[in-house]
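Bear in mind that the values in this text are calculations on the coordinates, not laboratory data. What you see is a predicted model; the values in this text were computed from it and never measured. Heads up, the Cβs are rebuilt from the backbone with ideal geometry, glycines too, and the neighbour counts pull from every protein chain shown.
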Amino acid sequence: MTKYIIKGGRPLYGTVEISGAKNAAVAIIPAAMLVDGVCRIENIPQISDVTMLLNILRRLGARVRTVDRHTMDIDCSGVRTFKADFDIMTKIRASYYLIGALLGRFGKAKVAMPGGCNFGAVRPIDQHVKGFIAMGADVEVKNGLVSATARDGRLHGADIYLDVASVGATINIMLAAVFARGVTRIENVAREPHIVDVANFLNAMGADIRGAGTNVIKIRGVDRLNGGSYALIPDQIEAGTYMAAVAGAGGSLLIKNIIPKHMDCITGKLEEMGVHVEEGEDEMLVSRSGSLRRINLKTLPYPGFPTDMQPQMATVLCLARGTSVITEGVWDTRYKYVDELMKMGASITVDGRKAIIEGVGELTGANVKAWDLRAGAAMVIAGLCAQGTTEIEGVNYIERGYEDLVEKLRAVGADIESVEIPENDGAEIVKIG
Ligand code: EPU
């Protein structure tokens, strides 16, 4: 079992380089399934969700070649099967993109139901299914498998209105529609930066997709996509997590390789709390020396405040003066981490989608658990801010989405280490990073 041990109370100073966007990578890697030829994808983050997806592609018959640590050549032209029913599929949420990709390519797909972070509620895919059906597919969910078959062998264009602006449904329908006969028009789509990235990737390979980043996406079906190169955008949430870390721990961080426009929703809220942010072209300097002010915050689809930053912000707000209210506007519930923060001295009341946070001025180190990826990031921030030592279990969740988190934090002055504790002997500790 791996744990992080953090000795908190040290401000952060220095430079952090942001990696490629996880949620773009986990969509663009399955999207390579639609391409006839080699896709060179650059700026791929080294995280376990990516490793799992590349393994899934290999098992389907794709050739994956590592060019360097962040660049892969993916060639799916040899894939002959539409069945992705392996156990590993259930470990990762983004495996659902293989439904759209395989259905688009072969006119049929048989894919294990996705897994991924569990916020305490079932994560539905009804909007994905609605889109596939509108494009002429029969879809059945049975025995943990989603089977989709285009009635005429190939999907056709359709007008689809999403009941919720779902990131996953927007991308999945876009993937299925790339080769559909005619035009597919999706309304009330999500507008997250990684949706634009997926559309740009597909267009770079020869697709005809317009409107990504607005409320309506139009896809004119093409017959073929050819190989090419594409570099992923930087990770908005990784950058936001380091911004929150310096807001909480104090100090000054130069955060490099970002798109400042993507950060606006986060920057605005941190400034309201008294954090100083100076934007450059592809970097920002974030510093905090004085006390933090309370705020209210509601998570919403982009360009609203991202739900994937909610646990990290809640942690920082524990240190602000006064009472803050967070409203979770995307997921029914995403507050499993609150009990862990309470062990560290936080004062938070959860009432449905709202969390009421009384600023406590100081957190204290404790043994806590990462319940999911962003809850884990919140625990790390809490550990950095707290007086004393924090031990975090369940860091495998964190490593699904943050490249080199321990190394990046150590380089800016954090006292954090990753230790391997043998399952049956908690006494012996082996340092691994
Ligand atoms: N929803 C439906 N029906 C659907 C799909 C979604 O009702 O068919 C609802 C969900 O229950 C939720 C809302 O719509 O209430 C938004 O869900 P969405 O489909 O947008 O989420 P997702 O595609 O499953 C992605 C990210 C999540 C992020 C959400 C929201 C990936 C792999 N995951 O999930 O990221 O929280 O969008 O922005 O892109 C993370 O990175 O930590 C993470 C969980």
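Restricting the calculation to Cα atoms, the range 127-266 yields a radius of gyration followed by a Dmax of 18.0, 61 Å. Using every pair of separate Cα atoms, the Kirkwood estimate puts the hydrodynamic radius of the chain at 22.1 angstrom.
What is the range 22-231 by shape, rounded, prolate or oblate, if you read a ≥ b ≥ c off the alpha carbon gyration tensor as root eigenvalues and call it rounded for a/c under 1.5, prolate for a/b larger than b/c, and oblate otherwise? In terms of gyration-tensor shape, rounded. Taking the longest Cα principal axis of the chain as reference, the axis of helix 167-177 is set at about 20 degrees.
Note on the chain: dipole from Cβ charges, positive end direction compared against 255, 385, 132; the farthest Cα belongs to 132.
Taking a point 7 Å out from the Cα of residue 1 in the direction of its Cβ, the residues of the range 342-370 whose backbone N falls within less than 15 Å of it are 367-370. Placing +1 on the Cβ of every Lys and Arg and -1 on the Cβ of every Asp and Glu, with nothing else charged, gives the range 336-389 a dipole about its Cα centre of roughly 180 debye. Only aspartates and glutamates eight or more places from residue 336 in sequence, or on another chain, were considered; those with a Cα closer than 16 Å are 308, 328, 351, 372, 393. The trypsin sites (Lys or Arg not before Pro) of the range 119-195 meeting both criteria, a DSSP state outside H, G, I, E and B (loop) and at most 16 other C-beta atoms within 10 angstrom of the site's C-beta, are 151, 154.
Under the definition of Cα pairs under 8 Å and six or more residues apart, what whole-number percent is the relative contact order of the chain? For the chain, the relative contact order is 20 percent. The stretch between residue 203 and residue 259, if pulled fully straight at 0.36 nm per residue, gains 18.1 nm over its current Cα-Cα span. For the chain, a simple Cβ point-charge model (Lys and Arg +1, Asp and Glu -1, everything else neutral) yields a dipole of about 1100 debye relative to the Cα centre. Taking amide H as placed 1.01 Å from N in the peptide plane, residue 180 has its amide H under 5 Å from the amide H of 222, each at least 5 places away in sequence or on another chain.
Specify whether the C-alpha gyration tensor of the range 1-129 places it in the rounded, prolate or oblate class, a ≥ b ≥ c being the square roots of the eigenvalues: rounded for a/c under 1.5, otherwise prolate if a/b is larger than b/c and oblate if not. Since a/c reaches 1.5 but b/c is at least a/b, the shape of the range 1-129 is classed as oblate. Would the range 268-329 count as rounded, prolate or oblate if I go by the C-alpha gyration tensor, calling it rounded below 1.5 in a/c and otherwise prolate when a/b exceeds b/c, oblate otherwise? Oblate shape, in that a/c is at least 1.5 and b/c is the bigger or equal ratio. Ranking 277, 101, 45 by how far each Cα lies toward the positive end of the dipole of the chain (charges on Cβ) leaves 101 at the top.
For the range 213-318, the relative contact order is 26 percent, taking Cα pairs closer than 8 Å that sit 6 or more residues apart in sequence and dividing their mean separation by the residue count. Put in line by how crowded their Cβ is, counting other Cβ atoms within 10 Å and starting with the fewest, 297, 317 read 297, 317. List the lysines whose Cα sits under 17 Å from the Cα of residue 83, skipping any in the same chain fewer than 8 residues away. Answer for residue 83, where 17 Å is the Cα cut-off: 91, 108, 110, 142, listed by chain and number.
Ordering 316, 299, 341 by Cα displacement along the dipole of the range 276-362 toward the positive end leaves 341 in first place; charges were set at the Cβ atoms of Lys, Arg (+1) and Asp, Glu (-1). Taking the Cα centre of the range 181-230 as reference, the dipole from Cβ charges on Lys and Arg (+1) and Asp and Glu (-1) amounts to some 200 debye. Remark on residue 108: its backbone amide H falls under 5 Å from those of 150, a criterion applied only to residues 5 or more positions apart or on other chains, H modelled at 1.01 Å from N. Nearest 10 degrees is fine. How inclined is helix 48-60 to the longest principal axis of the chain, computing both from alpha carbons? That works out to roughly 20 degrees. Give me the percent of DSSP beta bridges within the range 289-433 that run antiparallel, rounded to the nearest 5. For the range 289-433, the DSSP antiparallel bridge percentage is about 55. Residues whose amide H lies under 5 Å from that of residue 274, counting only those 5 or more places away or on a different chain, are 293; hydrogens are built 1.01 Å from N in the peptide plane. Across the range 302-308, coupling constants 3J(HN,Hα) worked out from phi with the 6.51/-1.76/1.60 Karplus curve, θ = phi - 60°, read 3, x, x, 5, x, 4, 6 Hz, and Gly and Pro carry x.
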